[in-house]
1. Give a quick list of trypsin sites (Lys or Arg not before Pro) in the stretch 1-52 that DSSP marks as loop, anything other than H, G, I, E or B, with at most 14 other Cβ atoms within 10 Å.
2. Under 5 Å between amide hydrogens, which residues at least 5 positions from F59 or on another chain qualify, with H placed 1.01 Å from N in the peptide plane?
Amino acid sequence: MGIIAWILIGLLAGIIAKLLLPGKDPGGIIVTMLIGIAGGLLGGWLGKIIFGVDSIDGFFDLSTWIAAIVGSLILLILYRLLTRGRHHRS
């Protein structure tokens with residue numbers, strides 16, 4: 001897949017992860033996209049390690065989207081845990 005496809009999958013996977021885990025998050029669309037791209041890579045790596053499958057096959061493959069969304073969910077949870085103490089309430 002090309003870089004444009006990775007960015008698009010990352011953006012959409014990050015948005016889906018935020019929809020599945022509602023709440024206030026620091027960062028905007030750029031952070032969402034970066035979490036999604038990194039989540040896609042993490043999901044693909046975990047799929048290969050845990051299940052022994054190549055889960056990043058192509059843009060329209062369900063396994064690609066599942067891997068990207070699961071990886072994004074994991075990273076979004078970690079991001080929230082790491083940034084939770086940094087928020088100041090007014």
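1. When the trypsin sites (Lys or Arg not before Pro) of the stretch 1-52 are filtered for loop state and at most 14 Cβ neighbours within 10 Å, K24 remain.
2. none
All of the numbers you see were taken from the coordinates with simple rules; none came from a lab. Nothing here was measured: the structure is a model prediction, and the numbers come from that model. Cβ atoms come from the backbone with ideal geometry, glycine included; neighbour counts cover every protein chain shown.
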